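Trainee: Structure below; questions to follow.
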Amino acid sequence: MSQLIIVERLHKIYHRHQPDEMTALQDISLQILAGEVVALTGPSGSGKTTLLSLLGCMSRPTSGSIQLRDSNVAKLPERFLAKIRRETFGFVFQQYNLVRDLSVLENVMLPLYPSDQSLREIKKAATAVLDQFELAGMLKKKVKQLSGGEQQRVAIARALVADPEIIIADEPTAHLDSELAQDLLQILAVLNAAGKTIVIATHDPSIYQSSLVQRRFDLRHGRIVEEHSR
Amino acid sequence: MTRGTIYLIFIAVLLFMTTGLLITSSTGIIDLTEKRQLVQALGITDLSLSSEARYTRHPSQADLFSAFQDFPAAFEHFPTGSIIAPNPVGFFSRVKIQHHSGKQN
Amino acid sequence: MLRQLKILEFTLSSLLRRKYKNLSLITVYAFTIATLGSVLFLTHALKMEATGSLTTAPELVVQRVAAGRHDLIPTAYTEVISKLPGVASVTPRVWGYYYDSLIKANLTLVGISSYQGDLELLEGRLPDNAEECAIGRGVAIAFGPAIGDDLVLEDSGKSRTVFKITGIFRAESNLLTNDLVVLQEAALRDFFSMDQKLATDLVVQVHNQREIKTLAKKIKYNLPDTRPITRDEILHTYDTLFNWRSGMMLAVAVAALISFCILAWDKATGISAEEKQEIGVLKAIGWETSDVLAVKFWEGTVISLTSFVLGILAAWIHVFAFGAPALVPLLKGWSVLFPEFQLTPAVDFYQVFVLGFLTIVPYLACTVIPSWKTAVTEPEYVMRG
Amino acid sequence: MILHPGILALLCGSLITVLVMLLASWLGVQILLRWDMSSSSEEQLLLERKTWLVSTLLNYALGFQIFSVVLFIFTAEDIHRLFVGAMCATGSLNANLVGWLVLLVKGILLFAAAFWVVLNRLDQRTEDCPLVRPKYLALVLITPLVVLDLYLQWRYFSGLQPEVITSCCGSLFSAGGDSVASDLAGMPVRQAMLLFFSIIGSYLVVLSFCIVFKASVLRHLLFIVSVLMFFVSIGAVISFISPYIYQMPSHHCPFDMLQANYSYIGYPLYVGLFVATLYGMLPGLCQPLRKYASLRREIDSFEKRWLWVAMAGMLVFLTISCWQMLFGSFKLFGY
């Protein structure tokens, strides 16, 4: 398998040269292969989310490099990061981060607005994805009227609508009961089988101990302390 | 139909209506011949817009001492005076001749 | 283009989500514009009315000024003036004001010597003899009489004088004739007990329009106690009069505008946590800063353009369909005989342009910085909850 | 005088622009001093974000400038009635000679702001932003112009004295005077036409060559021709295009055609001229920027479009200015 992401000597320091300076990540080096499922684990405050946001091109590191395929994304101006986020990544957030007042359909359409597709094409793509998750019946419903599990599925549908190569999930099961968590695992397994690379930050053992996860990086105080592979 | 199209149509219709109204009222030639005839026959010089005092009834014919000719604004007793300018610009004022300009009439 | 259309789509849906807030904003905005627009429309229409219909006013009016006051002018001046080269004719005019203590209104009494032919805007006819009169619509309404009735006025000798009404001016001419009482010249002299050798002022007709100014100077030179008023000056007065008035109204309204801008600023800066979260989500799933800025730009444009067009429409309807009921009290002042006028729609595109400029520019300027502040929300923000 | 609504609007608008530009150049100075593309510090990130604010501010300011030029001429047109002897905008501008300066500054500003916006758009499409320093330096240089614009407008409007008798276009643009404008108006029509059509012709030829060939010398040539074309065209408008539009041999005013009497024909005419000049100048102006690899790609992808836009602008200008010459009943040569 080819290397998809190569991270080298990554540092992230917040509020540098200020009294509230905080080192979030230190000297992180790792590689993620295409088609792999990787978990980032560790207690809260260990730097999982920060690392995830760096991998997902949401922010830039203080130093070090992130090689995504051929380009070093660590130095790119913000506006190019947005394009990469849009085209390469699909995000599933801890709080789902759906726009509560918008309908299910509109929420799923959101990532495609800045693309080159027409509104009709976007609608079509969103409907197709929602169909896969058996949400076709509630396209017009407002997100705030949905149950937790449904919201979770809408959030995954939104992450998938642009057909991303890499799926980034931040504590995806934090607000789910164990049954729904199992559903989620199944969905992720299907996606992985379809060739998607998946990076999950979690402290839920039922996730990182599942057979799906191929490698696991354990973080403490912003450093990788252990790497497990299956 | 998307909201965008609906809005664009809505605003286009509104704009169309407004410009239509504005155009008809800005270029529609008002027929004033009857009024002009009346003005000529009676020798009218002013509008009968405010008749509370003689200097507001005929602003152009008012006495020299009354509010319209006094400047800076004299104390005024009538509300009309507060929205009609004292000493309208160019009204019987001095004429200065600019040196490099051409003719003087 | 396509992208902008999609962003407009999103903008509209996000405006609709907060529809009460945005509708109230549009209402206030449109109201401000309608107020300003009404002032501009009304003053412009009045200006057009005045400058349009007064083009046939006397070319030159000569008044006499005694001790700084307007005084009756000796008719002997007629000969002096008519000898000046270029003068076509000089006619003495007799007219005056009459305060009626019964209806507590000022009337304008005009004496005419002779006029042949019919006036289109007069119902009935002009007075033929000393016992007849023609009156304006306002006078007719105040006194209550119709054609054929009697108009009773008290002359300077405290005795009642009765005039038979032979004509009433049509409503269309209200702006010119509302408070007029037209009498025969002899009757007017009699009524005011005015000397035969005196007149209110003189009307001078001139052969060559270009000579009016020169003639005015000559009259002033030959008869130093006179004050010639040219028609151009009258028109000019009306032109600047209404310009000044609308300018002043605008200056006052700028205060309203500023407070509106503060409102807009407040609305734009007070981003709720929910909105910030939303922008963060958009950024996280791949929207660029420029896209969010475009959303904000469209938001401002949709709100200001909609309000502007609605405001202008409202102003037009207010002024030209309903006769500016909200502004008339301002003009009316203490006038008892206030003309009920139906304005001919007259709009100056320039003024509409200026109004747009004055209202849209400050609004957009107010929203630039707040919208940038929203647009640069970090995408990472949403991951930290 | 100051209470005229148009004047109020212009001064308010200009004041807002000055504030906006001062803010933008303050940010610009910060960016100039501390910009470091290779750093990934939070400060650099903040600066990158501020560039968005600056470009939004500048876009708004340019938009305002466009309306402001129109409004200024409109206002000059509207207030001419207040001056004895003035018959159109020229008269009002003559009433206080600062008026012409205002128009000049506004013209320069319009071009400067348009260039800035285009360069900014180019620069923002590249990954390394090579133009950051020149761009913000230019911004800091444009700001004094905006302040000057406000100051001159204030001087102009506050210095207007309605009692002053002014000369109008009749005397400024009449053949007998001794100013540049009257020289233009008095120029023999045949020669003026020859000059105008030869420069328009060479503009079109160079433009078409630029569309076909990639040589950089052609771009430089087009730049020069565009600038020449602009001035010659303004001269031509005064000299013989306006008499054709007004159908009057002695009426040379370049502003009257913006009025409703001539169905606002002046707007498309001047917009066409402006677009043709601006987009004709752009490829030449961008030649020195091709040394940056990242910019070269962007310039190459945009250039075709610019050239076609320039062509379209020129065609609009040419059509409107020559329509009457070819199809109108009025003939200037008879006089």
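The values are calculated or read from the model by the stated rules, or taken from the named source; none is laboratory data. Values in this document were obtained by computation on a predicted structure and should not be read as measured data. As a convention, Cβ positions derive from the backbone with ideal geometry for all residues, glycine included, and neighbour counts pool all protein chains shown. Accessible surface areas use protein heavy atoms only, side chains included; no ligands, DNA or RNA. Shrake-Rupley method; radii C 1.70, N 1.55, O 1.52, S 1.80 Å.
So that you can scan it fast, the table gives a plain yes or no per residue for (1) under 30 Å from D:E303 (Cβ atoms); (2) out of contact with any strand residue (DSSP E or B) (no Cβ under 6 Å at 6 or more places or on another chain); (3) at pLDDT below 90; (4) among the polar types (S, T, N, Q):
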residue: D:V147; (1), (2), (3), (4): no, yes, no, no
residue: D:Y156; (1), (2), (3), (4): no, yes, yes, no
residue: D:S171; (1), (2), (3), (4): no, yes, yes, yes
residue: D:L207; (1), (2), (3), (4): yes, yes, no, no
residue: D:L228; (1), (2), (3), (4): yes, yes, no, no
residue: D:G235; (1), (2), (3), (4): yes, yes, yes, no
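Trainee: Residues of the stretch D:44-68 being more than 9 Å from chain C (Cβ to nearest Cβ) and touching a residue at least 60 places away in the same chain (Cβ under 8 Å), which ones?
Mentor: Hits for the stretch D:44-68 are D:T51, D:V54, D:L58, D:A61.
The rows are residues; the columns are (1) surrounded by 18 or more Cβ atoms within 10 Å (Cβ to Cβ); (2) over 15 Å from the mean Cα position of the chain (by Cα); (3) within 28 Å of D:R190 (Cα to Cα).
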site	(1), (2), (3)
D:P254	yes, no, yes
D:G272	yes, no, yes
D:L282	yes, no, no
D:P288	no, yes, no
D:E298	yes, yes, no
D:V316	no, yes, yes
D:S321	yes, yes, yes
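Trainee: Which residues, taken from the stretch D:1-43, are within 25 Å of the chain's Cα centre (by Cα) and free of Cβ contacts under 8 Å to residues at least 60 places away in the same chain?
Mentor: Across the stretch D:1-43, the qualifying residues are D:P5, D:L8, D:C12, D:G13, D:I16, D:L19, D:V20, D:L23.
Trainee: Condition (residue is buried (at least 18 other Cβ atoms within 10 Å of the Cβ) and assigned to a loop (DSSP other than H, G, I, E, B)) applied to the stretch D:2-20: is it met by at least one residue?
Mentor: Yes: the stretch D:2-20 contains one or more residues that are buried (at least 18 other Cβ atoms within 10 Å of the Cβ) and assigned to a loop (DSSP other than H, G, I, E, B).
Trainee: Further, regarding this structure: Against the condition surrounded by 15 or more Cβ atoms within 10 Å (Cβ to Cβ), modelled with pLDDT of 85 or more and not aliphatic (A, V, I, L, M), how does C:K267 come out, does it pass?
Mentor: In short, no.
Trainee: Tell me yes or no: at least one residue of the stretch C:54-70 is more than 9 Å from chain B (Cβ to nearest Cβ), in contact with a strand residue (DSSP E or B) (Cβ under 8 Å, 6 or more places away or on another chain), open to solvent by 20 Å² or more (accessible area, probe 1.4 Å) and at pLDDT 85 or above.
Mentor: So far as the stretch C:54-70 goes, yes, one or more of its residues are more than 9 Å from chain B (Cβ to nearest Cβ), in contact with a strand residue (DSSP E or B) (Cβ under 8 Å, 6 or more places away or on another chain), open to solvent by 20 Å² or more (accessible area, probe 1.4 Å) and at pLDDT 85 or above.
Trainee: Looking only at the stretch C:326-349, decide whether some residue is open to solvent by 40 Å² or more (accessible area, probe 1.4 Å), at the interface with another protein chain (Cβ under 7 Å from one of its Cβ atoms) and within 22 Å of B:F16 (Cβ to Cβ).
Mentor: Yes; the residues of the stretch C:326-349 include at least one that is open to solvent by 40 Å² or more (accessible area, probe 1.4 Å), at the interface with another protein chain (Cβ under 7 Å from one of its Cβ atoms) and within 22 Å of B:F16 (Cβ to Cβ).
Trainee: Here's a follow-up. Mind checking which helices (runs of 4 or more DSSP H) fall wholly inside the stretch C:88-196 and carry at least 2 residues that are of a type in the set (G, A, S) and under 27 Å from the mean Cα position of the chain (by Cα)?
Mentor: C:137-143
Trainee: Now for a different question. What helices (runs of 4 or more DSSP H), lying completely within the stretch C:264-335, carry at least 3 residues that are without any contact (Cβ under 8 Å) to a residue 12 or more places away in the chain and not assigned by TED's automatic domain parsing to the domain that holds C:L25?
Mentor: Where helices (runs of 4 or more DSSP H) fall fully within the stretch C:264-335, none carries at least 3 residues being without any contact (Cβ under 8 Å) to a residue 12 or more places away in the chain and not assigned by TED's automatic domain parsing to the domain that holds C:L25.
Trainee: Are any residues in the stretch A:16-32 of a type outside the set (V, I, T) and touching a strand residue (DSSP E or B) at 6+ places or on another chain (Cβ under 6 Å), and if so, which ones?
Mentor: A:M22, A:A24, A:L25, A:Q26, A:D27, A:S29, A:L30, A:Q31
Results for (1) touching a residue at least 60 places away in the same chain (Cβ under 8 Å); (2) within 9 Å of another protein chain (Cβ to nearest Cβ); (3) in a helix (DSSP H, G or I); (4) buried (at least 20 other Cβ atoms within 10 Å of the Cβ), shown as yes or no for each residue.
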position	(1), (2), (3), (4)
A:R79	no, yes, yes, no
A:K83	no, yes, yes, no
A:E87	yes, yes, yes, no
A:G90	yes, yes, no, yes
A:V99	no, yes, no, yes
A:L110	no, yes, yes, yes
A:Q117	no, yes, no, no
A:K124	no, no, yes, no
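Trainee: At least 3 residues that are over 17 Å from the mean Cα position of the chain (by Cα) and not hydroxyl-bearing (S, T, Y) in each: list the strands (runs of 3 or more DSSP E) lying fully within the stretch A:3-58 that qualify.
Mentor: Because the criterion is at least 3 residues that are over 17 Å from the mean Cα position of the chain (by Cα) and not hydroxyl-bearing (S, T, Y), the strands (runs of 3 or more DSSP E) in the stretch A:3-58 that meet it are A:3-14, A:22-33.
Trainee: Looking at the stretch C:363-378, is at least one residue under 18 Å from C:N174 (Cα atoms), open to solvent by 10 Å² or more (accessible area, probe 1.4 Å) and more than 12 Å from chain B (Cβ to nearest Cβ)?
Mentor: no
Trainee: Scan the stretch C:87-103 for residues that are open to solvent by 30 Å² or more (accessible area, probe 1.4 Å) and either closer than 18 Å to C:K213 by Cβ or in contact with a Cys (Cβ under 9 Å, 6 or more places away or on another chain) (or both) and jot them down.
Mentor: Listed by number, the list holds a single entry, C:A88.
Trainee: Something else about it: Sort out for me the strands (runs of 3 or more DSSP E) sitting completely within the stretch A:178-230 that have 1 or more residues that are out of contact with any Leu (no Cβ under 6 Å at 6 or more places or on another chain) and without any contact (Cβ under 8 Å) to a residue 40 or more places away in the chain.
Mentor: A:223-229
Trainee: Now for a separate question. Could you give me the residue pairs with C-beta distances under 6 Å whose first residue belongs to the stretch D:147-162 and is within 20 Å of D:G91 (Cα to Cα), whose second residue is of a type in the set (S, T, N, Q) wherever it lies, and which are 6+ apart or on separate chains?
Mentor: Close Cβ pairs (under 6 Å, with a partner that is of a type in the set (S, T, N, Q)) amount to D:Q153/D:S14; D:Y156/D:N96; D:G159/D:N96; D:L160/D:N96.
Trainee: For D:I31, indicate whether it is within 30 Å of D:N96 (Cα to Cα) and crowded, with 17+ Cβ neighbours inside 10 Å.
Mentor: No; evaluated as a whole, the condition is false for this residue.
Trainee: Ok, one more. Does the stretch B:12-24 include one or more residues that are more than 8 Å from chain C (Cβ to nearest Cβ) and modelled with pLDDT under 70?
Mentor: No, the conditions are met nowhere in the stretch B:12-24.
Trainee: Now for a different question. Do the conditions hold for C:P370, that is, is it more than 30 Å from A:G56 (Cβ to Cβ) and either modelled with pLDDT of 80 or more or assigned to a loop (DSSP other than H, G, I, E, B) (or both)?
Mentor: No.
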